[in-house]
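Notes to accompany the following structure.
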Ligand code: PMP
């Protein structure tokens with residue numbers, strides 16, 4: 001056994017209690033924030049358990065609410081056909097595929113789902129993974145390297161940012177939706193890097209707007225860059241038959257290298273995917289760590305996604321209803337003088353209130369009046385643009401939408417009226 005002086009300085013340093021997470025500054029800060037919210041009487045709006053299926057309405061603690069907090073955009077979660085497909089898959093294949101697909105986890109339904117996704121996006125192939133978040137992390141992290149450049153809209157999802165960090169590539173953000181800035185970045189930097197990837201979303205999850213994809217495609221062509229579009233919130237919402245932003249603009253989908261999407265929203269399941277060329281998908285299938293070293297998508301989740309796609313393709317009225325609902329919400333909110341940022345309606349409409357305390361209070365007040373819509377607070381968005389975010393679905397009635405906007409306007413009025421009291425608390 002070695003004596004302490006042989007172990008170097010670190011062995012003689014006073015011992016920290018490594019197990020005491022409560023001492024970590026970031027945990028202390030979180031605890032202080034919660035204590036401050038408790039002092040202000042602001043109930044924690046997060047992690048509330050729903051008693052059953054969350055669609056246009058939901059049950060929480062035995063009470064029914066109008067629900068504007070679920071991604072169930074086309075109301076397919078709980079659809080009898082989707083449930084039956086999932087149940088049948090369990091009956092035949094059990095609840096897990098029990099291995100990575102590359103070894104013993106491949107089942108016929110994986111290929112069927114990938115074909116359906118490729119069809120929706122109008123491209124050659126697709127690859128499905130067990131999480132939307134992991135899909136972005138592993139795909140970007142694996143495809144891009146040090147010496148490459150990734151240009152991202154400043155509002156892209158955390159999973160994209162994490163993928164960029166993992167890749168080791170240089171990341172430059174361009175201001176949200178500012179394509180002149182993107183063009184300048186390409187002009188100034190393209191020649192300094194090996195491969196360049198531009199990442200945008202088909203519909204931004206915080207602001208509910210979408211980019212001028214025709215121009216982004218032209219830019220990526222002029223500057224010889226790849227383009228990745230995250231369609232988490234635009235599939236089912238944009239385009240006449242819900243096929244997303246390419247359909248909305250009439251763009252040839254094969255001009256975009258990577259279409260990314262999630263199965264957890266319109267497709268009422270769980271998982272993520274990349275759709276694109278066969279060469280790309282085949283490569284990811286044998287090399288992307290988040291795919292190769294992870295289990296294959298479960299039978300029930302695969303079957304649920306597949307059934308959801310088939311219903312979306314068969315029933316475009318659902319898409320039309322979602323779009324009409326999104327427009328109605330937006331029009332009424334604008335008429336009521338609410339700050340909806342740049343939202344275009346469709347699936348996401350934020351109501352910006354300007355600070356995290358007010359956003360949490362507004363959400364709680366709405367809950368007290370029978371409406372479930374959650375606050376988005378710092379650091380998810382900048383403090384001054386804290387908001388309550390409304391997810392719109394095809395299931396909402398006009399009456400629910402009218403009531404949600406009216407109650408929101410009334411509660412904001414009260415909150416601003418109490419401005420001085422809230423401001424004192426904030427100081
Ligand atoms: N991309 C975007 C834009 C998202 O909003 C989300 C999650 N909300 C994801 C990716 C991750 O998808 P999932 O929740 O299905 O893992």
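Taking the criterion of being outside any loop (DSSP other than H, G, I, E, B) and touching a helix residue (DSSP H, G or I) at 6+ places or on another chain (Cβ under 9 Å), would at least one residue in the range 340-347 satisfy it? Checked against the condition, which is being outside any loop (DSSP other than H, G, I, E, B) and touching a helix residue (DSSP H, G or I) at 6+ places or on another chain (Cβ under 9 Å), the range 340-347 yields no hits at all. With respect to residue 128, determine if the residue is part of a strand (DSSP E or B) and in contact (Cβ under 8 Å) with a residue 12 or more places away in the chain. Considered against the rule, which asks whether it is part of a strand (DSSP E or B) and in contact (Cβ under 8 Å) with a residue 12 or more places away in the chain, residue 128 comes out as yes.
Kindly indicate whether residue 288 is buried (at least 22 other Cβ atoms within 10 Å of the Cβ), touching a residue at least 12 places away in the same chain (Cβ under 8 Å) and under 16 Å from residue 77 (Cα atoms).
Numbers: buried (at least 22 other Cβ atoms within 10 Å of the Cβ): yes; touching a residue at least 12 places away in the same chain (Cβ under 8 Å): yes; under 16 Å from residue 77 (Cα atoms): no.
No.
Given the condition surrounded by fewer than 24 Cβ atoms within 10 Å (Cβ to Cβ), under 20 Å from residue 313 (Cβ atoms), in the same structural domain as residue 118 (by TED's automatic domain parsing) and more than 13 Å from the ligand (Cβ to nearest atom), answer yes or no: does some residue in the range 253-261 qualify? Yes: one or more hits.
When residue 82 is tested against (1) under 30 Å from residue 128 (Cα atoms); (2) exposed (fewer than 15 other Cβ atoms within 10 Å of the Cβ); (3) modelled with pLDDT of 95 or more, just one condition goes unmet, and that condition is (2).
Name every residue in the range 306-323 that is buried (at least 16 other Cβ atoms within 10 Å of the Cβ) and either free of Cβ contacts under 8 Å to residues at least 12 places away in the same chain or farther than 25 Å from residue 280 by Cα (or both), in order of residue number.
Let us first name the residues in the range 306-323 that are buried (at least 16 other Cβ atoms within 10 Å of the Cβ), namely 306-309, 311-312, 315, 318-319, 321-323.
Once the filter is applied, which keeps residues that are buried (at least 16 other Cβ atoms within 10 Å of the Cβ) and either free of Cβ contacts under 8 Å to residues at least 12 places away in the same chain or farther than 25 Å from residue 280 by Cα (or both), the range 306-323 yields 307, 308, 311, 312, 315, 318, 319, 321, 322, 323.
Scanning the range 199-230 for residues that are under 17 Å from residue 275 (Cβ atoms), without any contact (Cβ under 8 Å) to a residue 60 or more places away in the chain and within 16 Å of the ligand (Cβ to nearest atom) returns 199, 200, 201, 202, 213, 227, 229. Within the range 262-300, being within 29 Å of residue 316 (Cβ to Cβ), more than 11 Å from the ligand (Cβ to nearest atom) and touching a strand residue (DSSP E or B) at 6+ places or on another chain (Cβ under 6 Å) holds for 274, 275, 276, 278, 281, 297. Picking from residues in the range 147-167 that are assigned to a loop (DSSP other than H, G, I, E, B) and touching a residue at least 24 places away in the same chain (Cβ under 8 Å), the one that is farthest from the ligand (Cβ to nearest atom) is 147. Is it fair to say residue 104 is closer than 19 Å to residue 292 by Cα and not in a loop (DSSP other than H, G, I, E, B)? Taking the combined requirement at face value, the residue satisfies it.
Answer with yes or no whether residue 303 is modelled with pLDDT of 95 or more and either within 16 Å of the ligand (Cβ to nearest atom) or surrounded by fewer than 24 Cβ atoms within 10 Å (Cβ to Cβ) (or both). No; evaluated as a whole, the condition is false for this residue.
Hey, among the residues in the range 106-144 that are closer than 21 Å to residue 86 by Cα and under 16 Å from the mean Cα position of the chain (by Cα), which one's nearest to the ligand (Cβ to nearest atom)? Here the answer is 132. Out of everything in the range 331-356 that is free of Cβ contacts under 8 Å to residues at least 60 places away in the same chain and in contact with a strand residue (DSSP E or B) (Cβ under 6 Å, 6 or more places away or on another chain), what residue ends up being surrounded by the fewest Cβ atoms within 10 Å (Cβ to Cβ)? By that ranking, first place goes to 339.
The test for being modelled with pLDDT of 95 or more, surrounded by fewer than 22 Cβ atoms within 10 Å (Cβ to Cβ), away from the ligand (no atom under 16 Å from the Cβ) and at positive phi does not hold for residue 242.
Suppose we filter 180, 158, 136 for residues that are buried (at least 18 other Cβ atoms within 10 Å of the Cβ) and modelled with pLDDT of 95 or more; which single one remains? Steps first, answer last, please.
Details: 180 fails: buried (at least 18 other Cβ atoms within 10 Å of the Cβ); 158 fails: buried (at least 18 other Cβ atoms within 10 Å of the Cβ).
Of 180, 158, 136, the one residue that is buried (at least 18 other Cβ atoms within 10 Å of the Cβ) and modelled with pLDDT of 95 or more is 136.
The test for being touching a residue at least 12 places away in the same chain (Cβ under 8 Å) and in a helix (DSSP H, G or I) holds for residue 282. The number of residues in the range 64-83 being touching a residue at least 12 places away in the same chain (Cβ under 8 Å) and more than 25 Å from the chain's Cα centre (by Cα) comes to 2.
The values are calculated or read from the model by the stated rules, or taken from the named source; none is laboratory data. All values derive from a computational prediction rather than experimental measurement. Cβ sites come from the backbone with ideal geometry, for glycine too, and all protein chains shown count toward neighbours.
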